[in-house]
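This report concerns only the one structure given below.
The values are calculated or read from the model by the stated rules, or taken from the named source; none is laboratory data. What you are looking at is a predicted structure, and each value in this text was computed from that prediction instead of being measured. A quick note on method: Cβ atoms are made from the backbone with ideal geometry, for glycine too, and the neighbour counts reach across all protein chains shown. Note: areas computed on protein heavy atoms with side chains; ligands, DNA, RNA excluded. Shrake-Rupley method; radii C 1.70, N 1.55, O 1.52, S 1.80 Å.
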Amino acid sequence: MFLLLPFDSLVVNLLGISITVLFTLLLVFIIVPAIFGVSFGIRKVYMKTLLKIFQWATLRIERGAKEKNHPLYKPYVNGIIAKEPTSLEEEIKELRRSGSGKALDTPEFELSDIFYFCRKGIETIMDDEVTKRFSAEELESWNLLSRTNYNFQYISLRLTVLWGLGVLIRYCFLLPLRIALAFTGISLLVTGTTVVGYLPNGRCKEFLSKHVHLMCYRICVRALTAIITYHDRENRPRNGGICVANHTSPIDVIILASDGYYAMVGQVHGGLMGVIQRAMVKACPHVWFERSEVRDRHLVAKRLTEHVQDKSKLPILIFPEGTCINNTSVMMFKKGSFEIGATVYPVAIKYDPQFGDAFWNSSKYGMVTYLLRMMTSWAIVCSVWYLPPMTRQPEEDAVQFANRVKSAIARQGGLVDLLWDGGLKREKVKDAFKEEQQKLYSKMIVGNHEDRSRS
């Protein structure tokens, strides 16, 4: 046996006391409040303090840049080209009037018409409203994270010291604390749902399952220092319905699930994610699909329909965009979840990028890298709006219903409503989009010709 020297014994005792104090603080201020859904307001005080520091840092950057005659980068929030919502026919009519002087009634092709398509092509290259939705949003102010603003290069000595202090706080204090909380939340989720899964079906199992999920998600939310404001909670999704929301990040799931009960829908995974999925499905009827089943639309629709028809089952949580968008817009909703005929509960999620960018650029960062960036941010601040339930109208098809829901979410969240498919993140533009413009132009020419022939 080894004998500890007095100094070594003192170090061991101090280390033991420190660990005990740390876990006691975690238990009292984070885990227990998460179980009962209460907050001491510490995170809000933390957020207000950060806001004051960011404001001071931004003013210091602007003053320093002015003294050194350095231009400050200002992001173009609304694009670099002013665009008016006009149709192809109106623009070509104006082009012909200002050019050759011929009216649009002339059925022949005009050489000047090509300038409309050339201009549109150049505008798209210069100010692409689609691909810029797949990159992180640039901030106008600096939040002491060098990855969020191009102006961070114009820093004074005091700001550099402040930035260095921020790095120490985020990586040496917040990161270990958040990892410990995330490990606690995931461990409790796997253990709790596995134990609940062995209970016989009934009200007791349903009650315990709901509260185990809720408790663990709330712990995971605290692992990100997430500060969430929920609005219109009387519109929260109910059993037998479908909850649809705009999609920015994988953490959208825990943001919503920490305030309600949901059945998840997704593909079966391996590794740690697979362990979590298998444990969760034992306690709650989540809908997991095998890789071979995901592309079978009829099978997916059948499984979802069976779930929503059972009014005793939890509402399904779905993100119809199918990919993560940078929280400046909402892109095309896939129509599958709107064909089922269930009541749809729209939810708008809007993140505040001042404290940390929640967007997951999956084509640039893997999941581990993304989670590391989240856990080394200052905080995740967001607002969630529960919109009134919506049902499909008799004269609507699934696409029209999906667009109506999407517009409501975009309007409430202050997001840009785009018709483009989020699949363009990894795929080329479909030929159907090109053919649509060709059809519009040919219809304009041929239609005018036919009208003249009839007259």
Could you rank the peptides 253-264, 383-394 by their average count of other C-beta atoms within 10 Å per residue, with the highest value first?
253-264, 383-394
Send over the Kirkwood Rh of segment 272-411, from the inverse of the averaged 1/r over different Cα pairs, rounded to one decimal Å.
17.4 Å
Eigenvalues of the Cα gyration tensor times 5, then square-rooted: what semi-axes does that give for segment 158-291, in whole angstrom, largest first?
31, 18, 15
Of the listed peptides 275-283, 50-58, what is their order by residue-averaged count of other C-beta atoms within 10 Å, with the highest listed first?
275-283, 50-58
Once fully extended, how much extra length lies between Val167 and Val399, figured as 0.36 nm per residue of separation less the alpha-carbon to alpha-carbon distance?
78.8 nm
With every protein chain in place, what's the accessible area of Glu306 (1.4 Å probe, Å², nearest 10)?
100 Å²
Taking 0.36 nm per residue of separation and subtracting the Cα-Cα distance, what length does fully extending Cys204 through Met390 add?
63.8 nm
Arg43, Arg203, ranked by accessible area, largest first (probe 1.4 Å):
Arg203, Arg43
Any of Lys52/Lys350; Lys205/Lys311; Lys313/Lys334 with alpha carbons more than 20 Å apart? Name them for me.
Lys52/Lys350; Lys313/Lys334
Once you have the Cα-Cα distance between Lys52 and Leu372, take 0.36 nm times their residue separation minus that, and quote the gain in nm to one decimal.
112.7 nm
Which distance in nm do the two modelled labels at Phe117 and Lys282 give, with both placed 7 Å along the Cα-to-Cβ direction?
6.1 nm
What would the Debye equation give as log₁₀ I(q)/I(0) for segment 177-426 at q = 0.09 Å⁻¹, counting only Cα atoms as equal point scatterers?
-0.38
Would you tell me the accessible area of Leu372, worked out with a 1.4 angstrom probe on the heavy atoms of the protein chains, in Å² to the nearest 10?
80 Å²
Measure out, as a whole number of angstrom, how far apart the alpha-carbon centroids of segment 193-228 and segment 342-386 sit.
21 Å
Solvent-accessible surface (1.4 angstrom probe) belonging to His298, in square angstrom, nearest 10
150 Å²
Please state the Cα pair-distance histogram of segment 257-352 with 5 angstrom bins from zero: what percent is in each bin?
2, 10, 20, 24, 21, 16, 6, 1
